[in-house]
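This report concerns only the one structure given below.
Read-outs: derived from the displayed coordinates by stated rules, not from any lab. All figures in this text were calculated on a predicted structure; none of them were measured in a lab. We place every Cβ from the backbone using ideal geometry, glycine too, and count neighbours over all the protein chains shown.
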Amino acid sequence: MIGLTGDDLHIDARIALLCARMALPVAAAPRQQVMAVAVLACERVLASLDGRPADWLDQQSRAALAQAPQAALWARGFAGTAEISPRAFRRHSAPATVHAAVQGIAQACVPQPDQMLYDLLASAIGECATWCGRPSGPSTSRGTAMLAVAH
């Protein structure tokens, strides 16, 4: 994305988690279940990378799950203690999460889904910049960000 690349699995997990958290409260019910599972899976991957307990959730994830309590309950039962390999997460789970989140936001019955998608893109760029050690900030204009993604 925009020249920001890296092999650190944190990047994949943080972007997928960001997407799942944003889509979870606004997506349709069936997609909420997918996003809740994704939040738990991303947190589990990050916990493994950072040496935290597998069931550890950060405050933003707890807040997102609290906004869709039925989906969160279902996801906890569905996901259980299942583990995913880093390779499978990077190749399949993370991209599928991002795709489902973008679709969920685009199809959501919210006043400004385009603004939410823009905010998601800007936040994802920020995550990439953070993990790649590059500065990011408000100097990235909407047109530049959209043009960069189109390439």
Output for region 81-95, where each listed residue is of a type outside the set (Phe, Trp, Tyr) and under 16 Å from residue 48 (Cα atoms): 81, 82, 83, 84, 85, 86, 87, 88, 90, 93, 94
Residue within region 25-37 that is of a type in the set (A, V, I, L, M), free of Cβ contacts under 8 Å to residues at least 60 places away in the same chain and surrounded by 18 or more Cβ atoms within 10 Å (Cβ to Cβ) present: yes
Where residue 80 falls short, out of the listed (1) over 13 Å from residue 13 (Cβ atoms); (2) surrounded by 14 or more Cβ atoms within 10 Å (Cβ to Cβ): (2)
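Does residue 125 satisfy the condition of being surrounded by 13 or more Cβ atoms within 10 Å (Cβ to Cβ), of a type outside the set (D, E, K, R) and not in a helix (DSSP H, G or I)?
Values: surrounded by 13 or more Cβ atoms within 10 Å (Cβ to Cβ): yes; of a type outside the set (D, E, K, R): yes; not in a helix (DSSP H, G or I): no.
Spelling it out, it is not the case that residue 125 is surrounded by 13 or more Cβ atoms within 10 Å (Cβ to Cβ), of a type outside the set (D, E, K, R) and not in a helix (DSSP H, G or I).
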Members of region 38-77 found to be surrounded by 13 or more Cβ atoms within 10 Å (Cβ to Cβ), of a type in the set (D, E, K, R) and over 16 Å from the mean Cα position of the chain (by Cα), listed by number: 52, 76
Checking residue 109 against (1) surrounded by 14 or more Cβ atoms within 10 Å (Cβ to Cβ); (2) of a type outside the set (Ser, Thr, Tyr); (3) within 20 Å of residue 36 (Cβ to Cβ), the condition it does not meet: (1)
